[in-house]
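Report on the following structure.
Values quoted throughout were computed directly from the atomic coordinates according to the rules given, and no laboratory measurement underlies them. Please read these numbers as outputs of a predicted model, since none were measured by experiment. Note: ideal-geometry Cβ built from the backbone for every residue, glycine included; neighbour counts use all protein chains shown.
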Amino acid sequence: MKLLLALCPALIPVLAWGQASHLSNLKQLTRGGQNAEAYWSPDGSKLIFQSTRGEATCDQIYTMNADGSNQKMVSTGKGVTTCGYFLADSKHFVYASTHEAGPACPAPADRSKGYVWAVYKGFDIYRADETGKIEQKLTNAPGYDAEATVNWKNNEILYTSKSSGDLELWTMKPDGSQKKQVTKSVGYDGGPVFSRDGSKMVWRAFHPSTAEQTATYKGLLADDLTAPMKMELWTANRDGSNQKQITTYGCASFAPTFTPDGKKILFSSNKHKCDSRDFELYMVNVDGSGLEQVTSYGGFTSFPEFSPDGKKLVFASSYQGTGNYEFNIFTADWK
């Protein structure tokens, strides 16, 4: 389906959202299309995000100024992309793309198997400069390599890979060296981020607990698919030690990020309406206690990240979307 985009050149203030005790001065930075996974540059001046817009039928990577101006595509325009993230110099970034596997958008996931995500084996992670010129391919192992985020203090990339035969978390340096597998449980481990100081990590996971669940998971994975509707959050030390499950909602919790002080985790979940596609932002202490619902906007709200100075939050939401699959990028002051 072709999605048309009409970009608004100015900031669009949001005057009335539901419950937003932590948020003020809300602004909409994109309008139209499917815009998601926006992440800050280390100097706070830019955002990198993925978008399906205009004549495109799958995601490409874009950058924009923090006020929403100067939106431009910085991926190749071929294949499908995901998870752009700036490196420590604010002038380079990493992202995953299937463009080397073929110039067309890959076939969508087979929904006859239920609500599933494709984990395309053509995904690899690349490093590019601010103009979008690819400088290095960072992964070459067979299978899915994507979902990369960067800790600017440790200068480490944390990502999801199928190179072990299962979807596990790995770390590497920005030049692709020193790859290390940091999770080893059967099941999906993905969407990982480090804490600001680089000492901890948090991610979403589905670890099957029965023989039937394991067989279903492995069967889907053999077809490069995974089912995302039963995901819990886990934490660990940066090397993968001391792994702990911190949610037990039996729903889909994902897109976690640490608060700047590292004491809490902000994330997206449908725990208020399990098995639905309605997601809100929630916050918990790092041990899973003290659950607080942060938004109640209706529809889909996810992918939060705090600005480098901790004063703002960026996230994606379907709020005020004009179609069923319109998602836009918003920023807000955090209090």
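Assorted remarks:
- Prolate/oblate/rounded call for the stretch 233-273, Cα gyration tensor, a/c under 1.5 rounded: oblate
- Three-way shape call for the stretch 152-253 based on the alpha-carbon gyration tensor, with the a/c threshold at 1.5: oblate
- Unsatisfied cross-links (Cα-Cα over 30 Å) in the set Lys271/Lys312; Lys27/Lys179; Lys113/Lys179: Lys27/Lys179; Lys113/Lys179
- Within a Gaussian network of the chain (alpha carbon springs, distance under 10 Å), most fluctuating of Asn25, Asn35, Asn285: Asn25
- Counted by neighbouring Cβ atoms within 10 Å, the residues Phe306, Phe49 run from fewest to most as Phe306, Phe49.
- Among (1) 20.7; (2) 26.7; (3) 19.8, the entry derived from the coordinates for Kirkwood radius over Cα pairs in Å: (3)
- Cut-off 10 Å between beta-carbons: net charge of the residues surrounding Val74, Lys and Arg +1, Asp and Glu -1: 0
- Unit charges on C-beta of K, R, D, E only; dipole of the chain, Debye: 160
- Among Glu135, Glu156, Glu147, Glu55, the ranking by other beta carbons within 10 Å of each residue's beta carbon, starting with the fewest, stands as Glu55, Glu135, Glu156, Glu147.
- Euclidean distance of C-alpha centroids, the stretch 120-184 and the stretch 203-230, integer Å: 22
- For the pair the stretch 35-63 / the stretch 66-95, the C-alpha centres are spaced 6 Å from each other.
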